[in-house]
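Asks: Here it is, the structure, as structure tokens.
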């Protein structure tokens, strides 16, 4: 949400969505895992509920583009129905991680 265009009502609604997402976060993660396994997508999905910002809930997974489209559709449906975000906006964020684990023995 843009701070210049945010009304008090928007902030109250945003806080309610965040609270709802936080309360059911474990349930969301479990439902997503079951749904992805049922779709033969054996990946872990990570959820983060931030205290501020325009994203109510952030979902991430280590996946290629094709897998991500399936993950987004599957998990997005669960999130929309569980939190009540209709319609829900999604946007891609590019991340990286170091796959070498030389620091572990």
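The values are calculated or read from the model by the stated rules, or taken from the named source; none is laboratory data. Predicted model only: the values in this text are computed from it and were never measured. Quick reminder, even Gly has a Cβ in these numbers, built from the backbone with ideal geometry, and neighbours come from all protein chains shown.
Asks: Considering each residue of the range 50-95, count those that are assigned to a loop (DSSP other than H, G, I, E, B), within 15 Å of residue 18 (Cα to Cα) and touching a strand residue (DSSP E or B) at 6+ places or on another chain (Cβ under 8 Å), and give that number.
Replies: 2
Asks: Out of the range 24-43, which residues are exposed (fewer than 13 other Cβ atoms within 10 Å of the Cβ) and in a helix (DSSP H, G or I)?
Replies: Within the range 24-43, 26, 27, 30, 34, 37, 38 qualify.
Asks: A further question on this structure: Just checking, which of 66, 86 is at pLDDT below 85, under 28 Å from residue 7 (Cβ atoms) and loosely packed, with under 10 Cβ neighbours inside 10 Å?
Replies: 86
Asks: Does residue 99 meet the test of being at pLDDT 85 or above, surrounded by fewer than 11 Cβ atoms within 10 Å (Cβ to Cβ) and either assigned to a loop (DSSP other than H, G, I, E, B) or in contact with a helix residue (DSSP H, G or I) (Cβ under 7 Å, 6 or more places away or on another chain) (or both)?
Replies: Numbers: at pLDDT 85 or above: no; surrounded by fewer than 11 Cβ atoms within 10 Å (Cβ to Cβ): yes; either assigned to a loop (DSSP other than H, G, I, E, B) or in contact with a helix residue (DSSP H, G or I) (Cβ under 7 Å, 6 or more places away or on another chain) (or both): yes.
Against the criterion (at pLDDT 85 or above, surrounded by fewer than 11 Cβ atoms within 10 Å (Cβ to Cβ) and either assigned to a loop (DSSP other than H, G, I, E, B) or in contact with a helix residue (DSSP H, G or I) (Cβ under 7 Å, 6 or more places away or on another chain) (or both)), residue 99 does not qualify.
Asks: Is it true that residue 77 is at pLDDT 85 or above and surrounded by 12 or more Cβ atoms within 10 Å (Cβ to Cβ)?
Replies: When the stated conditions are applied, residue 77 passes them.
Asks: Inside the range 44-54, can you point out the residues that are surrounded by fewer than 16 Cβ atoms within 10 Å (Cβ to Cβ) and within 21 Å of residue 96 (Cβ to Cβ)?
Replies: 44, 46, 48, 50, 53
Asks: What about residue 21, is it at pLDDT 85 or above, surrounded by 12 or more Cβ atoms within 10 Å (Cβ to Cβ) and more than 18 Å from residue 95 (Cα to Cα)?
Replies: Yes, satisfied.
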